[in-house]
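A short reminder: the numbers here are calculations on the coordinates, not readings from a lab. Note that this is a predicted model, so its numbers are computed, not measured. Cβ placement follows ideal geometry from the backbone for every residue including glycine, while neighbour counts extend to all protein chains displayed.
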Amino acid sequence: MNQRAHWHVRDIILLALIGILFGAIFLGTNFIYDGLTVVLTPIGLAPMANDLSMGIWIMAGPLAGFMLRIPGAGFLGEFLAAIGEMFFGGQWGASTMISGAVQGIAIELGFTLTGYRFYNWLTLVLSTTTSTILTFGWDMFRNGYAAFSPQMLILLLVVRFISIFFFGGVLVKLITNLLERSHVLNR
Amino acid sequence: MNASMKLLLVLLISLEVSFTHSLSANLLLISASLIYLLIHRTSLKAIMFLALVPFLPALGLFVTIYYFSPGQDLHFAWVLFTRMYVYVTVGASFTLTSTPLELALSLEQNWHLPSKFAYGTLAAFNMLPKIKSAIVTIRTAGLMRGVVLSWWSPQLYFKAILVALNWSENLAQAMISHGFVEDQPRTFYRQIKVTGLDYGFLLGILVMIQLPIWLLP
């Protein structure tokens, strides 16, 4: 695939729009996170709500990386989505932006590992792996994961990987397949 | 205070409390942010909303740390509970008192963000009300054909992306026809400056919060 190394104002608007569009879709799904928290709290697994919904939160990044195929698109897509979420009724205030930056770097790293040369399942597995590890490391501090037992940590890590793989991998691949088939992306 | 400097301060505070365990510093930051918000005449309704939003996740973390973690550390449970509120209140002292326009102008003029990024994202963010109605339209159009587009359906995202592609093309054309040229130097009608007072506030507040963070439990 040929890649353009240059950003045009059209690409930037597109990335920001995608970020906000995804935010608008998830606005209606915030109750999922809260509902999961309510269900999981009595059995001591409240943080799992975070890991379960992690995949939904990072979707904008891999999708942007796959659509635009410009180095930095994965990071920027995720980061702009986080800024959008922060300004328009975000649940987490300023830490959204920090989380957005961490997630963006994590996703971008997966694309960097391929050298931006190929965009297939391996790319999605790589970006799933890097985002699982990096976001988990950030939660060790932010959400106090360091205090949990090792069994719980492994459980949370596995759940997070599955969630990111499903939403940021399978779903993103299905969406880009639809886009490829309709030939709307002029690359 | 200059919007980007305020954002920097908010980010630095949020980053530092993520790595430190001082309950009193958290409480101090929450009260200081609430006072700041009240000075800026934030409506009580908005402040009540801030109190409600992080409650469930904060409670979930508290219960998990206190009842289900090996250490059962009550102090750390409270630290995490209040930390969620620090994020939200400190963040709100930025988001409820600054607009995306102020931030974009400041980032462009004070921190040399390329103008295509500043105005490109701003153009997209200003479409927010239309974006919400676009999603409703897509879903309703699906329902009229008897197709339910749930939030995990690839078709919903596909259609939303088609809308985004269309709009981004139109917005870019509109900007160009209004005389916007990428990567060209621009002059500014509305000048935004970073003053010595901004630096004073940034450093002063950062130094002040180090005392409770490191000395008080």
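Three principal axis extents, largest first, for the C-alpha atoms of the protein assembly as shown, in Å?
In descending order, the Cα extents are 58, 52, 44 Å.
For chain A, what does the helix formula give at 222 nm: sum of -39500 (n - 2.57) over DSSP H segments with n ≥ 4, over the residue count, nearest 500 deg cm²/dmol?
-23500 deg cm²/dmol
Whose amide H sits under 5 Å from the amide H of B:L113, counting only residues 5 or more places off or on another chain, with H placed in the peptide plane?
Distant-sequence amide H within range of B:L113: B:E108.
Taking Cα pairs under 8 Å and at least six residues apart, what relative contact order does chain B come out at, in percent?
Details: 156 pairs, mean separation 74.3, N = 217.
Relative contact order comes out at 34 percent.
What's the average, rounded to a whole number, of partner chain beta-carbon atoms within 10 Å of each residue's beta-carbon in B:51-63?
Working: counts 0, 0, 7, 3, 2, 10, 11, 2, 4, 15, 9, 3, 7.
Average per residue, whole number: 6.
Looking at the calculated P(r) for the range B:115-177, what percent of the C-alpha pair distances fall above 14 Å? Show your work: numbers first, answer last.
Values: 1220 of 1953 pairs.
Cα-Cα pairs in the range B:115-177 separated by more than 14 Å: 62 percent.
Just from its helices, what would the mean residue ellipticity at 222 nm be for chain B, if runs of 4 or more DSSP H residues each count -39500 (n - 2.57) and the sum is divided by every residue, rounded to the nearest 500 deg cm²/dmol?
Values: 10 runs with 158 residues, N = 217.
After summing the helix terms and dividing by the residues of chain B, the value is -24000 deg cm²/dmol.
Taking the range A:75-180, which trypsin sites (Lys or Arg not before Pro) meet the DSSP loop condition and have no more than 12 other C-beta atoms within 10 Å? Provide the component values of the computation, followed by the final result.
Numbers: sites: A:R117, A:R142, A:R160, A:K173; in loops: A:R117.
Sparse-neighbourhood loop trypsin sites (Lys or Arg not before Pro): A:R117.
Using only atoms on other chains, find how many Cβ atoms lie within 10 Å of each Cβ of peptide B:68-79 and report the average. The partial results should precede the final answer.
Numbers: counts 10, 8, 5, 4, 1, 2, 0, 0, 3, 2, 0, 1.
Averaged over the peptide's residues, the number is 3.
Hey, if you drop one equal point scatterer on each alpha-carbon of the range A:102-187 and run the Debye formula without solvent, what base-10 log of I(q)/I(0) do you get at q = 0.14 Å⁻¹?
-0.55
Once the convex hull of the C-alpha atoms of chain A is built, how many Å³ does it hold per residue, rounded to a whole number? Don't skip to the end; give the middle numbers.
Working: hull volume 20.9 nm³, N = 187.
In chain A, the Cα hull volume divided by residue count equals 112 Å³.
Taking trypsin sites (Lys or Arg not before Pro) as candidate sites, keep only those in a DSSP loop with at most 15 other Cβ atoms within 10 Å, then name the longest stretch of chain B containing none of them. Could the numbers behind the result be given before it?
Numbers: sites that count: B:R41, B:R145, B:R186, B:R190, B:K193.
Here the longest run is B:42-144.
Could you work out Rg/(2.2 N^0.38 Å) for chain B, with Rg from alpha carbons only? Could the numbers behind the result be given before it?
Details: Rg = 22.1 Å, N = 217, 2.2 N^0.38 = 17.0 Å.
In units of the globular-protein estimate, chain B measures up at 1.30.
For B:K45, list the lysines whose Cα falls under 19 Å from its own Cα; do not include residues on the same chain fewer than 8 positions away.
Excluding near neighbours in sequence, the set is empty.
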